[in-house]
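Trainee: Please find one structure pasted underneath; my questions will follow.
The values are calculated or read from the model by the stated rules, or taken from the named source; none is laboratory data. This structure is a prediction, so every number in the text was calculated from the model and none was measured. Ideal geometry is used to build each Cβ from the backbone, glycine not excepted, and the neighbour counts take in all protein chains shown. What goes into the accessible areas is simple: the full protein's heavy atoms, side chains included, and nothing from ligands, DNA or RNA. Shrake-Rupley method; radii C 1.70, N 1.55, O 1.52, S 1.80 Å.
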Amino acid sequence: MATGVHRIAAGDGAAIRPFASRLPQAEVRNLAFAFRIDNHPHLARAFGEAAAERAVESVIATLAELLGGEGWIVDEGGGLVSARLRESALPCADQAGDACARLIRSLSSIMASCPVVAEGASIHLSCSGSWSISKIPGEAIAAAEAWTKLGRIRFPGAAVADGEDWALRYRRDMAEAAALLDALGGGRVLLAWQPIRKTGADEDILYQECLPRMASSEGPCAFPAAAIPALERLGLVRLLDHYVVDHVIDELENDSEVVLGANISAHSAVFDGWWLDIAARLSRRPDIARRLVLEITETAWFPSIDDASTFAATMRNLGCRVAIDDFGAGHASIRRLLALKPDIIKIDGFFLRRAALSLQDRAAFEHIVGLASALAPVVVAEGIETQALSDLAAASGAQWQQGYAAGSPSVMRVWLAAGGPRRVVAPERFRARVSLDAPVPGSGESPSSAPPSLRQLPHAGRRQNSASPPLGDAGQTIRDRKHAVMDDDDDRRFVPDRPSRWIPVVLIIAPLFYASLILAWWFW
């Protein structure tokens, strides 16, 4: 398609049209959008220029539908597309930010989930967008600001590389992603649940982690090993993460006591338009937010530690808990953990398996448990596959465990079993553990029954409610509603304290810990 201006033709098939309804007395004058097909150069390199141009045509057609027949769209070339609306179609100023963010979210979601067929392959697009509103006559100022904002948005996927080997791997990744996303759209992705249990107390469950599974003729099975890394390299993993989180919230709405966890990639730990709908649901239902654990896996790198810290703080202020999954196996440094301030740290099972092999490895695992206990109130040992590993983890100080020996993943909602005992810890008991508060009356526990790793942590009272990070106009309504809810319900929040006097201790322990690992590896 030649670069040029495209007048929008009204369509009939738009799924979401944030600007379709006319709002009287618009208070703003110029609204400009800037969009980027993040993987446009990747498509040109791996599939050819024709496939890349087909992707641009698809974005323009979808954007025209979303805008509902108003304004202009410009193909800027190189996978860049701009759009603007005429003044008569602009929403009121107090609703413009939310409408713009939802438009960008809708376009990104549609292009990621609905493949473009080119060169005989199903191609999914990763799109980013920004917007700007200016009251000064003339569109140049708004457009320039929109492009400046877009330039700050980083593409989390892998960069383009030379060589046929890279192109071959990219096409293979796209095929893996297309198969998984096709199953997602076709309802062939199931949710399985695996408990996090307390050592020696089978009835005591901290929460159930959601594990997506692929439906097949032989029953639910795990995703292909290459599928999730492929989504992360393509910059498309957010579609799967938001699908899972959204459905976990549905499960929480169906039961008033269960506590559930959802795993997300580090690439998804950015609070933007993708999270607006979920944040709105949680702000309306703080009782649900308090029973949701967001596990950030550290096997992928964080596009921005500042964005990840803002994301963690925002979700925590809504009431959620934040966990670091696969600790020690990926990209989360001590500095990143201090910035994220996780409520829960889950130690990768690799270290526990190694601990069973030698005394040096066992000492290393004990150091990891101690370090994790200094960084978060709750520590979970993963990879509990045998009773021997369970005993080893408990002896090393990890009182919460996850693995097949502690409970196999199941698509059955055991907490909904009619007439059976409710086997999931109630929210109040979960809050008491995570916040180190006194046990809930009637729970049958005393302060001395808490795991040693929790009892040793100091607790100086509830953390002062710091100001939320700026969310932009799109998040203003959510932020106002959130503060209104949390101010009325502040006594039920349980964000754990981490007194600043622990920071020097961690900074001293960390170098010694890594030095011990190096020495253990050297002598081994």
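Trainee: May I ask you to derive the relative contact order of segment 232-341, considering only C-alpha pairs under 8 Å and at least 6 residues apart, and to give it as an integer percent? Provide the component values of the computation, followed by the final result.
Mentor: Details: 161 pairs, mean separation 30.0, N = 110.
Relative contact order, segment 232-341: 27 percent.
Trainee: For the pair PHE350/ALA179, report the inter-label distance in nm, with labels modelled 7 Å from Cα in the Cβ direction.
Mentor: Placing both labels 7 Å along Cα→Cβ, they lie 2.5 nm apart.
Trainee: Sort LYS346, LYS341, LYS135, LYS149 by accessible area with a 1.4 Å probe, largest first.
Mentor: Numbers: LYS346 0, LYS341 95, LYS135 140, LYS149 65 Å².
Of LYS346, LYS341, LYS135, LYS149, the descending order of accessible area is LYS135, LYS341, LYS149, LYS346.
Trainee: Taking N as the number of residues in segment 202-355, what is its Cα Rg relative to 2.2 N^0.38 Å?
Mentor: Values: Rg = 15.4 Å, N = 154, 2.2 N^0.38 = 14.9 Å.
Relative to the 2.2 N^0.38 Å estimate, segment 202-355 comes out at 1.03.
Trainee: Now a separate question. Just how much of ILE334 is accessible, in Å², when a 1.4 Å probe is used and the result is rounded to the nearest 10?
Mentor: Using a 1.4 Å probe on the heavy atoms, I get roughly 20 Å².
Trainee: Please calculate the 1.4 Å probe accessible area of ARG105, with all protein chains present, and give it to the nearest 10 Å².
Mentor: 50
Trainee: Averaging sequence separations of C-alpha pairs under 8 Å and six or more residues apart, then dividing by the length of segment 93-205, give the relative contact order as a whole percent. Before the final figure, lay out the partial values.
Mentor: Numbers: 64 pairs, mean separation 20.9, N = 113.
After rounding, I find 19 percent.
Trainee: Further question on the same structure: Report the FRET efficiency, 1/(1 + (r/R0)^6), for THR386 and VAL117, where r is their Cβ-Cβ distance and R0 is 51 Å, rounded to 0.05. Before the final figure, lay out the partial values.
Mentor: Values: r = 48 Å, r/R0 = 0.94.
The calculated FRET efficiency here is 0.60.
Trainee: Roughly how many Å² of TRP72 are accessible to a 1.4 Å probe, to the nearest 10?
Mentor: My reading of the accessible area for TRP72 is about 70 Å².
Trainee: Could I ask something else about it? Per residue, how much accessible area does segment 34-130 show when a 1.4 Å probe rolls over the protein heavy atoms, in square angstrom? Please report the intermediate quantities before stating the final value.
Mentor: Details: 2960 Å² over 97 residues.
I get 30 Å² per residue for segment 34-130.
Trainee: Which residues does a label at GLU218 reach in segment 401-417, if reach means a backbone N under 18 Å from a point 7 Å past the Cα toward the Cβ?
Mentor: Correct set: 409-411.
Trainee: Something else now. In whole Å, what are the Cα extents of segment 126-285 along the three principal axes, biggest one first?
Mentor: Here the Cα extents, ordered largest to smallest, are 66, 48, 31 Å.
Trainee: Test of understanding: what is the full-extension gain from VAL160 to SER304, defined as 0.36 nm times their sequence separation minus their Cα-Cα distance? Write out the running numbers ahead of the final one.
Mentor: Working: separation 144, 0.36 × 144 = 51.84 nm, distance 1.97 nm.
Answer, rounded to one decimal: 49.9 nm.
Trainee: Can you pull the Rg over Rh of segment 69-196, Cα-only, Kirkwood? List each step's numbers first, then the result.
Mentor: Details: Rg = 18.8 Å, Rh = 17.9 Å.
Rg/Rh: 1.06.
Trainee: In whole percent, what relative contact order does segment 316-384 give with Cα contacts below 8 Å and a gap of six or more residues?
Mentor: Values: 89 pairs, mean separation 24.5, N = 69.
Reported relative contact order: 36 percent.
Trainee: Using a simple charge model, +1 on the beta-carbon of Lys and Arg, -1 on the beta-carbon of Asp and Glu, nothing else, what dipole does segment 240-383 show about its Cα centre, in debye to the nearest 20?
Mentor: Values: 14 positive and 21 negative charges, 103 e Å.
Approximately 500 debye in magnitude.
Trainee: I've got another one for you. Shape of segment 333-417 from its Cα gyration tensor (a ≥ b ≥ c, root eigenvalues): rounded if a/c is under 1.5, otherwise prolate when a/b > b/c, or oblate? Please report the intermediate quantities before stating the final value.
Mentor: Details: a/c = 2.42, a/b = 1.19, b/c = 2.02.
Oblate is the answer for segment 333-417, as a/c is 1.5 or above yet b/c matches or exceeds a/b.
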